[in-house]
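Chemist: First the structure, then my questions, so here it is.
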Amino acid sequence: MHHIAVKAMQNWVSSVIVKYNFCPFARKEVEQNAIHYRVCESQKHEDAVMDMLDECQALTDTPERETSLLIFTAGFGDFDEFLDLVDLANALLVAQGYEGVFQLANFHPDYVFADSEQDDPANYTNRAPYPALHVIREASMAEALEAYDDPESIPDNNIRLARRKGAAFWQQLLRQCHPRQN
């Protein structure tokens with residue numbers, strides 16, 4: 001299962017995030033093999049945030065590893081439960097002194113933005129094969145944003161592209177990310 005989950009997320013990063021430029025900074029990290037994929041089987045919030053803290057420490061100890069994706073294969077399939085995890089994880093980053101060092105992005109198969117409808121194709125900018133927390137080095141992100149012309153346009157461009165392609169397109173693409181379905 002671990003290999004399948006990692007392969008699905010690697011496929012997603014390459015065939016969605018990089019190919020459609022949802023994150024203009026991801027290509028470099030993929031090409032440099034600087035993304036660490038960690039499968040977490042935690043089903044409780046407390047265990048999952050400990051996995052996240054372990055990954056923060058691993059990033060601290062491994063400078064050549066630029067970023068990490070924690071992939072939850074056993075828990076957090078319910079989107080609202082996942083959002084509770086995201087809130088707890090962000091609070092723990094602050095409490096453990098990682099504020100300003102790391103930030104979190106989050107992805108989920110059923111992701112829905114707060115101001116969006118369930119079927120809005122824009123939600124696919126944050127939909128992934130598995131629930132995932134993305135631990136990002138803040139200094140690297142700040143550097144990338146500084147070097148990018150008009151970084152404020154990234155979310156709006158992503159939303160326009162997602163809506164132009166439509167939900168069926170993204171659903172098919174997500175299904176194709178799973179190695180057993182290719």
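The values are calculated or read from the model by the stated rules, or taken from the named source; none is laboratory data. All of these numbers come straight from a predicted model, not from anything done at the bench. When we count neighbours, we look across all protein chains shown, and the Cβ atoms used for this are built from the backbone with ideal geometry, even at glycine. These accessible areas exclude ligands, DNA and RNA; they are computed on the full protein's heavy atoms, side chains included. Shrake-Rupley method; radii C 1.70, N 1.55, O 1.52, S 1.80 Å.
Chemist: Going by what's in this entry, would Thr73 be described as in contact (Cβ under 8 Å) with a residue 40 or more places away in the chain and either open to solvent by less than 50 Å² (accessible area, probe 1.4 Å) or under 16 Å from Asn126 (Cα atoms) (or both)?
Modeler: yes
Chemist: Can you pull out the residues in segment 105-127 that are touching a helix residue (DSSP H, G or I) at 6+ places or on another chain (Cβ under 7 Å) and surrounded by fewer than 17 Cβ atoms within 10 Å (Cβ to Cβ)?
Modeler: Asp110, Phe113, Ser116, Asp119
Chemist: Could you list all residues from segment 69-122 that are under 23 Å from Phe22 (Cα atoms), assigned to a helix (DSSP H, G or I) and aliphatic (A, V, I, L, M)?
Modeler: Selection gives Leu83, Val86, Ala122.
Chemist: Every residue in segment 30-44 that is surrounded by fewer than 19 Cβ atoms within 10 Å (Cβ to Cβ) and either over 12 Å from Leu69 (Cα atoms) or of a type in the set (Val, Ile, Thr) (or both), please.
Modeler: Val30, Glu31, Gln32, Asn33, Ile35, Glu41, Gln43, Lys44
Chemist: Can you report the number of residues in segment 113-144 which are among the aliphatic types (A, V, I, L, M) and over 25 Å from Arg38 (Cβ atoms)?
Modeler: 2
Chemist: Restricting to segment 157-167, give me the number of residues that are open to solvent by less than 90 Å² (accessible area, probe 1.4 Å) and assigned to a helix (DSSP H, G or I).
Modeler: Qualifying residue count for the region: 7.
Chemist: Confirm whether Ala162 is under 18 Å from the mean Cα position of the chain (by Cα) and over 30 Å from Thr60 (Cβ atoms).
Modeler: So Ala162 fits the description; yes.
Chemist: Please count how many residues of segment 50-82 are touching a strand residue (DSSP E or B) at 6+ places or on another chain (Cβ under 8 Å) and more than 15 Å from Arg38 (Cβ to Cβ).
Modeler: Going through segment 50-82 one residue at a time, the tally reaches 1.
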